[in-house]
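Structure first, commentary second.
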Amino acid sequence: MSKTLNFLRGSAIALMLVTPAFADDSVNADTVVATVAGSDITVGHMLAVRAGLDPQYQSLPDDVLFNGILEQLVQQALLSSAFEGELPKRLQLELDTQATAMKATAAMSQLVEDKVDDAAIQEAYDARYANFEGTPEYNASHILVETEEEAKAIAEDIRGGADFAETAKAKSTGPSGPNGGQLGWFGPGQMVPAFEGAAAALEKGQVSDPVKTQFGWHVIILNDARQTSAPELASVRPQIEGELQRQIIEAELARLETEIEVDTAAAGDIDPAILKQTDLLEN
């Protein structure tokens, strides 16, 4: 069913319709809102249509949405009742595959709804991060110059008491110079190997000897170091929940495959290119 409701072509007409006055405590999904050619249209049918709409349509005023969906379903029922003969093969096949897919989705929901709860997610989180060691991160500043001689002289000045940040502002040719050479926090692989290795070898507050990279010569000071901590449960909850769901579904599929006969031998005799022949759907 198209998500673009045809009632949008005439919302003014929809507004003129009278919304049925149901008492809130008497209405449920089986409540009949209309009957067309002996077939009932229920609140449940309307809810199903609304659930499939784009957010821009779901945000319409309640009366417009109600009347528009009702009009849509009535018109579809009228047209459906006028259909004569057998359904085209293409349509019947689409209905078959959609029904199977929807039942499979419902089965998966049944499988996981009681098993993937807060307790299961917490248990999986605790198991995953029980022995979490983290990775090292470094906070460093640097001064970049063109020659080793310049770098040596700067390193000596810093060790002699010169302020690193002010020296960086005055002499560094790198983009971080105006910021006192501050690079912030970085982890493994975020800096070129020679720079990362030199920073990792320093103690907090220690100034390096000149370090050569493709960018020039660096004088580095390690401002701080730390180990990354385990992520908060909230940040990894969707991932853990998805993994638990997949594990449950995969286990159920494995069980079903041992109990239900599945024979795909006939598929081996068919050229995969057959899927390009969509004209077969018309025969």
How many residues of the stretch 48-57 are free of Cβ contacts under 8 Å to residues at least 40 places away in the same chain and out of contact with any helix residue (DSSP H, G or I) (no Cβ under 9 Å at 6 or more places or on another chain)? The answer is 3
Residues of the stretch 179-200 being surrounded by 13 or more Cβ atoms within 10 Å (Cβ to Cβ) and part of a helix (DSSP H, G or I), in sequence order, are Asn179, Ala194, Phe195, Glu196, Ala198, Ala199, Ala200
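If you scan the stretch 229-279, which residues turn out to be farther than 29 Å from Tyr125 by Cα and among the charged types (D, E, K, R)?
Applying the first criterion (farther than 29 Å from Tyr125 by Cα) to the stretch 229-279 yields 257-279.
Hits for the stretch 229-279 are Glu257, Glu259, Glu261, Asp263, Asp269, Asp271, Lys276, Asp279.
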The residue that is surrounded by the most Cβ atoms within 10 Å (Cβ to Cβ), considering only those in the stretch 103-141 that are closer than 30 Å to Ile221 by Cβ and of a type in the set (Asp, Glu), is Glu137
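Would you pick out the residues in the stretch 134-163 that are acidic (Asp, Glu) and free of Cβ contacts under 8 Å to residues at least 24 places away in the same chain?
Here is the first cut: in the stretch 134-163, the ones acidic (Asp, Glu) are 137, 146, 148-150, 156-157, 163.
Glu149, Glu156, Asp157, Asp163, listed by residue number.
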Restricting attention to the stretch 19-34, the residues that are modelled with pLDDT of 90 or more and either closer than 16 Å to Gln72 by Cβ or touching a Ser or Thr at 6+ places or on another chain (Cβ under 7 Å) (or both) number exactly 6
Leu280 vs (1) part of a loop (DSSP other than H, G, I, E, B); (2) over 26 Å from Trp185 (Cα atoms): all pass except (1)
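Out of everything in the stretch 218-265 that is charged (D, E, K, R) and within 30 Å of Gly174 (Cα to Cα), what residue ends up being modelled with the lowest pLDDT? Give the steps one after another, and end with the answer.
Within the stretch 218-265, the first condition is being charged (D, E, K, R), and the residues that meet it are 224, 226, 232, 237, 241, 243, 246, 250, 252, 255, 257, 259, 261, 263.
After this cut, where a residue has to be within 30 Å of Gly174 (Cα to Cα) as well, the list is 224, 226.
Numbers: Asp224: 97, Arg226: 94.
Filtering first and then ranking leaves Arg226.
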Filter the stretch 142-157 for residues that are out of contact with any His (no Cβ under 9 Å at 6 or more places or on another chain) and buried (at least 18 other Cβ atoms within 10 Å of the Cβ); the one that is nearest to Pro178 (Cα to Cα) is Ile154
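The values are calculated or read from the model by the stated rules, or taken from the named source; none is laboratory data. Values in this document were obtained by computation on a predicted structure and should not be read as measured data. All Cβ positions, even for glycine, are placed from backbone atoms using ideal geometry, and neighbour counts span all protein chains on display.
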